[in-house]
Structure formats: C-alpha cells, structure tokens
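Each remark here refers to the structure printed beneath this line.
The values are calculated or read from the model by the stated rules, or taken from the named source; none is laboratory data. Note that the structure is predicted; figures quoted are calculated from it, not measured. Note that we place each Cβ from the backbone using ideal geometry, even for glycine, and neighbour counts take in every protein chain shown.
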Ligand code: HEM
C-alpha cells in the first residue's frame, strides 16, 4: 500500500545538477526524458530546470502536485507542453484557459455522463470485434499500429456514429501525423524549429488542414440531418450554456480534434504496454485467461461483464501506473504565488509528471514491479496516482478510456496470446505520450 504523501512543510527546493552552458538540462532531458524525470525527486520537492532559455519548475512531491492541479485559477493551462498542443486543439476543453473552462466543461459533461457509457461500450465492443476480426492464428502484427487502429475506430465511431463507416473515416492518417508532430514539438523546447519549412512540418500542417476539412463536412452533415445519433458529436451540437448559446462550428471543431487527440493515442499506448507486460508475466497472464474463460467463455466482452472482470481492470490500472500515457504536463503561473513555501513568479512554467510520481519507491513499493494485485489494497493519496490528472481539469474521458481498455484487453486476451517477437526490449518513444516504439508480436489463437 503506498505511503501517505502528506508531510508537514518545509518542502525542499533545488536546481537540478548537471546544467550545460546555454542548453541547460535540455540534452539530458531529451536524451532520456523518463529516467531524467524519475531522478528529480532525489534533488528536492520542487526542482528547477533550465531547458535552453526556459527556466521551469518540476513539482516532484504529491502534495505540490495536488495544489498545482486543484488550484487551476493560479496554475492555469499553458507552458511548454500545453502551448504546443494548443496549436492543434485550439481552445478546446483540454487546452482552453481557466477563464473559458467552466462554461465548456459544463456544456460537454453530459457527453460523458455515466448513463451514456453503456451505449458507447456497445459501439466499442463492435469496433474491437471488427478491428480484430481479420487476425489469423500465427499472424505477426505491429502492436502499437494495431492498437492505434483499434482506438481510432472506437473514438471515430463514438464521435460520429451516424457516419456510415465511422471507423474507416480518413481521420486515422491525419491524426497519426498530428500526434507525432505534437510529440516532436513538445520534446523540442528550442523556439522556432517547428516553423521551419521542413518536410515534417509541412506534413504536419497539411494533416491539420485535412482534419479540419473532415470535421467541417461532418458538422455540416449533422446540422443538416438535425437528429440525435447518441454519439459525441450530437451532444456537442445540442450543448447549450446558461444563456442558451450553443457552440460555434469553430468551437465544435476544436472539441472534436481534442477528443480525437486526447482519446486515441492515450488508450492505444496503454493497450500496447499491456501486451508487453502480460507477455513478460506469464503467471499473471494465466490468471487473466482463467478470469476471461470463466466469464466470457470465448465471446467478446460487453459492458455488463465489467463487474466480473476485476483482474482485467487491475491489469489496466497497473499498466497506467507503470506507463502513464500522459506522462508530462505543464501549467503556467497566473499570479505571483508560493508553492511548498517557495516563491514562484507569475509567468513561470511548472511541470508535473505522472511517470515521476508513479515510479517513486516511497509512494509505490517496488515501483518497477508489474503487480496488478497491489490494487487490491492500495488507496493512493490524491496527487499520487494521476494517470487521468486531478481537480477541475481531470480527464473528462477517464471512464470512457478505462472501459475501452478493459473491453479491449478482455476481448483480445480471451481469444489470443500476444507474444512480442524476441529481441531488444520494447522502449518508449520520445514523444508527448508515453507510447512504445514500434514492435511486432505473434498472435496465437487460444484453446480453452
Ligand atoms: C487511457 C486513456 C486516457 C488517459 C491516460 C488520459 C489522460 C488525461 C489526463 C492526464 C488529462 C489531464 C490533463 C491536464 O491536467 O492537463 C486528461 C484530460 C482530458 N482528456 Fe483524457 N485521457 C484518456 C482518455 C481520454 C478519452 C478517451 C477522451 C475523450 C474521448 C479524453 C479527453 C480528455 C479531455 C477533453 C481532457 C481535458 C479535460 C479538461 O480540461 O476539462 N481522454 N486526460
């Protein structure tokens, strides 16, 4: 069980050692970002870094992370990570500033109401079955690509259910280029590089324009049809604020791109890591198979099955602990403030990392061990286990994403054993989401 995190002040503050002239900590951070961050708590609870010309603070203690995430008026959206994401998501829910957030969140919350989940889950189950239907015994698949196809199909279907072939809308290709583009831009803190006319930057801008065109056409079709299709886009179109105002087409576009970007890559990353972890832990995989055989007897998982799949849910929770897809986030300080007894000036960038917290040995005993059963007793203090963030800006799609991941792991593992091709260990990409680099696996049909 993780230790309680609350400590009485003072919280320590320091500058991380090893800064180079001009570049500061940027080379160390870009080279091995996850290990670099995980090493920061050794220097203090609030650690200063220099990333090129940019001075940033990293909140390493759960108490400080809790304050950072719950005081969203003081610690507003902005800074290194958010500014890059804003280039694509505009002023959608995930990137809008505090001043616009309450209105948007109130308008969009009904789209993720608990009552809607069974309907989305039915669509998810169909898309999971459809995406995995062509798989054959002995096939070799590129696992991250396959999981990305699966979550694209699910997200597109739940957004645009009325579209005849939502799963095959050409959002996949644009989103792939956009997610990689955002990832690269976040990891490149030096200014100006993303405006150079490189092929990568040109591809990024073209993909952004293509996606804008697809959503513009879908919005026009939906407005013309005027009925509720029980999907996310229908809720966006019917959302009204307190004054009875709806969202403009531009606002709906930003929300659609936000849902796509926030929902596809994150869940795909979690699913890909789950197969790596299960293959490396055959005893846990056996127990998973036992659970699935008892509950599903070989059929795909449905929403009603979720309460009977506790081990599958713990496997997803533990995967999100070891590999939180949203591993690094930033905030910008709206007014001079103090954090943990230390002055932080207005305009400063603060970072927090779920990866850093989830790998602290004082919060999660043997943090590198894949141990789904720790969740039988673990009750982490707020700010300790944060795969979905915390406070007013907590993930609006947390139940959606978790349901999708549990249904996908259950449906696939019930029928297939996924065995990564032996060779080099699977490593994370250097990107804004904690996704694995491409790796292949062999599919073996299970005999119950
Ligand atoms: C495993 C899957 C997912 C993970 C790990 C994840 C993680 C997160 C995190 C950490 C945040 C907080 C960001 C911050 O504090 O700056 C967030 C926000 C958000 N997520 Fe997710 N997410 C997942 C799935 C989804 C899905 C499926 C959707 C939508 C379909 C979604 C939509 C959003 C939105 C709109 C926000 C912004 C919320 C706000 O600011 O009010 N996410 N997500």
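Tell me, yes or no, whether region 340-363 has at least one residue that is touching a strand residue (DSSP E or B) at 6+ places or on another chain (Cβ under 7 Å), part of a strand (DSSP E or B), outside the structural domain of residue 256 (by TED's automatic domain parsing) and more than 15 Å from the ligand (Cβ to nearest atom).
yes
Looking at (1) more than 10 Å from the ligand (Cβ to nearest atom); (2) out of contact with any helix residue (DSSP H, G or I) (no Cβ under 8 Å at 6 or more places or on another chain); (3) modelled with pLDDT under 95; (4) within 28 Å of residue 51 (Cα to Cα), which is the only condition residue 67 fails?
(3)
In this structure, is residue 307 assigned to a loop (DSSP other than H, G, I, E, B), out of contact with any strand residue (DSSP E or B) (no Cβ under 8 Å at 6 or more places or on another chain), assigned by TED's automatic domain parsing to the domain that holds residue 406 and more than 16 Å from the ligand (Cβ to nearest atom)? Step through it out loud before you land on a result.
Details: assigned to a loop (DSSP other than H, G, I, E, B): no; out of contact with any strand residue (DSSP E or B) (no Cβ under 8 Å at 6 or more places or on another chain): yes; assigned by TED's automatic domain parsing to the domain that holds residue 406: yes; more than 16 Å from the ligand (Cβ to nearest atom): yes.
No; evaluated as a whole, the condition is false for this residue.
Conditions first: (1) more than 9 Å from the ligand (Cβ to nearest atom); (2) surrounded by fewer than 19 Cβ atoms within 10 Å (Cβ to Cβ). Residue 105 passes all but one, so which condition is the exception?
Of (1) more than 9 Å from the ligand (Cβ to nearest atom); (2) surrounded by fewer than 19 Cβ atoms within 10 Å (Cβ to Cβ), only one is false for residue 105: (1).
Give the residue that is nearest to the ligand (Cβ to nearest atom), with candidates limited to residues of region 84-94 that are in contact (Cβ under 8 Å) with a residue 12 or more places away in the chain and more than 15 Å from residue 433 (Cβ to Cβ).
93
Test residue 145 against the stated conditions and say whether it is surrounded by fewer than 18 Cβ atoms within 10 Å (Cβ to Cβ), part of a helix (DSSP H, G or I) and at pLDDT 80 or above.
Yes.
Spot the failing condition for residue 425; the list is (1) surrounded by fewer than 23 Cβ atoms within 10 Å (Cβ to Cβ); (2) under 23 Å from the mean Cα position of the chain (by Cα); (3) at pLDDT 95 or above, and only one is missed.
Result: residue 425 fails condition (3) only.
Kindly provide the set of residues from region 201-239 that are more than 19 Å from residue 89 (Cβ to Cβ) and under 23 Å from the mean Cα position of the chain (by Cα), ordered by number.
Matches in region 201-239: 231 only.
Considering only residues of region 265-279 that are out of contact with any strand residue (DSSP E or B) (no Cβ under 8 Å at 6 or more places or on another chain) and more than 8 Å from the ligand (Cβ to nearest atom), which is nearest to residue 86 (Cα to Cα)?
265
Among the candidates 392, 414, which residue alone is touching a helix residue (DSSP H, G or I) at 6+ places or on another chain (Cβ under 6 Å) and surrounded by fewer than 23 Cβ atoms within 10 Å (Cβ to Cβ)?
Values: 392 fails: touching a helix residue (DSSP H, G or I) at 6+ places or on another chain (Cβ under 6 Å).
Answer to the selection: 414.
With the requirement that a residue be within 15 Å of the ligand (Cβ to nearest atom) and crowded, with 18+ Cβ neighbours inside 10 Å, what does region 108-142 give you? Walk me through how you get there before you give the answer.
Within region 108-142, the first condition is being within 15 Å of the ligand (Cβ to nearest atom), and the residues that meet it are 108-114, 116-117, 119-121, 123-124, 127-128.
Correct list: 108, 111, 112, 116, 120, 121, 123, 124, 127, 128.
Residue 264 is checked against (1) surrounded by fewer than 24 Cβ atoms within 10 Å (Cβ to Cβ); (2) in a helix (DSSP H, G or I); (3) in contact (Cβ under 8 Å) with a residue 12 or more places away in the chain and fails just one. What number does that condition carry?
(1)
Please enumerate the residues belonging to region 113-154 that are closer than 18 Å to residue 446 by Cβ, out of contact with any helix residue (DSSP H, G or I) (no Cβ under 9 Å at 6 or more places or on another chain) and touching a residue at least 24 places away in the same chain (Cβ under 8 Å).
Once the filter is applied, which keeps residues that are closer than 18 Å to residue 446 by Cβ, out of contact with any helix residue (DSSP H, G or I) (no Cβ under 9 Å at 6 or more places or on another chain) and touching a residue at least 24 places away in the same chain (Cβ under 8 Å), region 113-154 yields 136, 137, 138, 139, 140, 141.
Say whether the condition of being in a helix (DSSP H, G or I) and more than 15 Å from the ligand (Cβ to nearest atom) is met by at least one residue in region 375-385.
Taking every residue of region 375-385 in turn, at least one turns out to be in a helix (DSSP H, G or I) and more than 15 Å from the ligand (Cβ to nearest atom).
Could you please give the count of residues in region 387-416 that are within 7 Å of the ligand (Cβ to nearest atom) and not in a helix (DSSP H, G or I)?
Summing the residues that are within 7 Å of the ligand (Cβ to nearest atom) and not in a helix (DSSP H, G or I) in region 387-416 gives 7.
So the check is Cβ under 6 Å with 6+ separation or different chains; which pairs have a first residue in region 365-379 that's surrounded by 13 or more Cβ atoms within 10 Å (Cβ to Cβ) and a second one that's in a loop (DSSP other than H, G, I, E, B)?
Close Cβ pairs (under 6 Å, with a partner that is in a loop (DSSP other than H, G, I, E, B)) amount to 367/359; 367/361; 370/281; 378/1; 378/2.
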